[in-house]
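Inspection log for the structure reproduced underneath, given as structure tokens.
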Amino acid sequence: TTRAAHLRKHPRPRLCVSPAGAVLPTSALSGLVGTGPLIVFASIAMGVAICCASARSPVLRGFGGVLGGALALVLVPFNGTVPLWEGLVILAVMFLGTAVYRAENGRSSRHRAAGAAVMVVACAVGSAYWYGDGDHFTRRGWIVAFLLAVLTFGAGLASRRRRIPRMLTGLGTISYSVYLVHPVLLAVIDSTVGRRRQDSRVLEMAFFTVLLPLCLLTYRYIEAPSQTWGRRLARRVQPP
């Protein structure tokens, strides 16, 4: 009873378990150096990486790529808020998209892209099954959602040369804004009205009714102008 009372007053920090068996507290670097200084350092490092990767010099471009990759590989294991295996899966899937894009543009072999896809999917499913906490939702739900996402991407890739309904292309256009904005909206809900323990179809529809128009605005006034500016900058610094 005394120990239980002590744990309620002084809860243990959440832990991330890596495939190698190492145990790290979530947001370890933020706890060590502070969230503010870490954001400043990461922002500066990413800015330097982008500038170097856009330079004319092959040496600087290589350095920029290495710096950006190293930054991701440091932040994901040592400052993640999700289990380490999940953070690494996110990185693997992101770079798998790059591999598929390169194969589609003839800059890489399709066999290599297919092999990378099989490897990433197998490692993702295996990691979720092996390192999940055993809860029904975390293990089974995560794997099913991941495989459905892979099938959705595969279906889109297979039908890329066919006519796609405008509504679907519109959702695809704002998908990155949805990815970035939805956790912010959830955080606002948690800190104001709170979330119910059980799912509600009505509340889910209300959530998307707010989320999608908000993402249309962020895409129109933030994402699209940023993409235009980035393309202009890329054309200016593109090596001859």
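The values are calculated or read from the model by the stated rules, or taken from the named source; none is laboratory data. Because the structure is predicted, anything quoted here is derived from the model rather than measured. FYI the Cβ positions are ideal-geometry reconstructions off the backbone, even for glycines, and counts take in every protein chain you see. When the accessible area is computed, the model is the full protein with side chains, heavy atoms only, and any ligands, DNA or RNA have been set aside. Shrake-Rupley method; radii C 1.70, N 1.55, O 1.52, S 1.80 Å.
Length available on full extension from VAL125 to ARG161: 0.36 nm per residue minus the Cα-Cα distance, which gives 10.0 nm.
Per DSSP helix of 4 or more residues, -39500 (n - 2.57); summed, then divided by the residues of the chain. What does that give at 222 nm, rounded to the nearest 500? Before the final figure, lay out the partial values.
On the way: 11 runs with 172 residues, N = 240.
The per-residue figure over the chain is -23500 deg cm²/dmol.
Extending 7 Å from the Cα toward the beta-carbon at both ASP133 and ASP190 defines two label points whose distance is 1.3 nm. The longest part of the chain holding none of the exposed loop trypsin sites (Lys or Arg not before Pro), meaning those outside H, G, I, E and B in DSSP with at most 16 other Cβ atoms within 10 Å, is 108-159. The string of couplings for segment 159-176 from the Karplus curve (6.51, -1.76, 1.60, θ = phi - 60°) is 9, 5, 9, 9, 6, 10, x, 4, 4, 5, 5, x, 5, x, 5, 9, 4, 5 Hz, one whole number per residue in order, with x for Gly and Pro.
Charge dipole (Cα centre; +1 on Lys/Arg Cβ, -1 on Asp/Glu Cβ; no other charges) of segment 20-129 amounts to roughly 440 debye. Leaving ligands, DNA and RNA out of it, report the carbon-plus-sulfur percent of the accessible area of the chain at a 1.4 Å probe. Answer for the chain: carbon and sulfur cover 67 percent of the accessible area. On C-alpha positions alone, give me the angle between the axis of helix 201-218 and the longest principal axis of the chain, in degrees, nearest 10. Roughly 40 degrees between the two axes.
Can you give the Kirkwood hydrodynamic radius of segment 131-240 from its Cα pairs, in Å with one decimal? Walk me through the numbers before you get to the answer.
Numbers: mean 1/r = 0.0577 Å⁻¹.
By the Kirkwood definition, the hydrodynamic radius is 17.3 Å.
Here TRP229 and TYR176 are evaluated by their C-beta separation; at R0 = 22 Å the FRET efficiency comes out at 0.90.
Just the accessible area per residue of segment 58-133, please: how many Å² with a 1.4 Å probe?
On the way: 4650 Å² over 76 residues.
For segment 58-133, the per-residue accessible area is 61 Å².
Here the label points at PHE78 and ALA149, each 7 Å from Cα along the C-beta direction, are separated by 2.6 nm in the simple model.
Report the local net charge at LEU203: Lys and Arg +1, Asp and Glu -1, summed over other residues whose C-beta lies under 11 Å from its C-beta. Can you show the working numbers first?
Numbers: positive: ARG195, ARG196, ARG201; negative: ASP199, GLU204.
It works out to a net charge of +1.
What the Cα atoms of the chain give is an Rg and a Dmax of 21.0, 73 Å.
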